[in-house]
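Data block below; observations after.
The values are calculated or read from the model by the stated rules, or taken from the named source; none is laboratory data. No experiment lies behind these values; they were computed from the predicted model shown. All Cβ positions, even for glycine, are placed from backbone atoms using ideal geometry, and neighbour counts span all protein chains on display.
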Amino acid sequence: MRDDRQRLDKWLWFARFARTRPAAVRLVEEGHVRVASKRVENPALGVKPGDVLTLALPHATLVVRVTAFAERRGSYEQAQTLYEVLSGGERGDQSLAPEGPKG
């Protein structure tokens, strides 16, 4: 893949929208991810900074903008630097963030 793109499934896993890479693949293949408002079912699709993703997650629907890539899956704080939330993720008074820190 070109240096200016990263596989969608890897990006979703690195950004902690999926607990495992196979779960990220399933999320895409089952049609729960849109890139630029178009449903994608190919987990190998390359995303680039600036792409807008709509994620239909079990707990909420989020619209995020890809802001960066990662070389590996890091901490929750590092994952948050990979995207900007544009809308969604709110349910009642509680903000829903993907896989928050446990402890």
- Which of the residues that make up the stretch 42-86 are in a helix (DSSP H, G or I) and surrounded by 15 or more Cβ atoms within 10 Å (Cβ to Cβ)? GLN78, ALA79, GLN80
- How many residues are outside any helix (DSSP H, G or I), surrounded by 12 or more Cβ atoms within 10 Å (Cβ to Cβ) and touching a residue at least 24 places away in the same chain (Cβ under 8 Å) if we restrict to the stretch 19-41? 4
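Return yes or no: is VAL25 modelled with pLDDT of 95 or more and under 11 Å from the mean Cα position of the chain (by Cα)? Let's see the steps before the verdict.
Details: modelled with pLDDT of 95 or more: yes; under 11 Å from the mean Cα position of the chain (by Cα): no.
Judged against the criteria, VAL25 is not a match.
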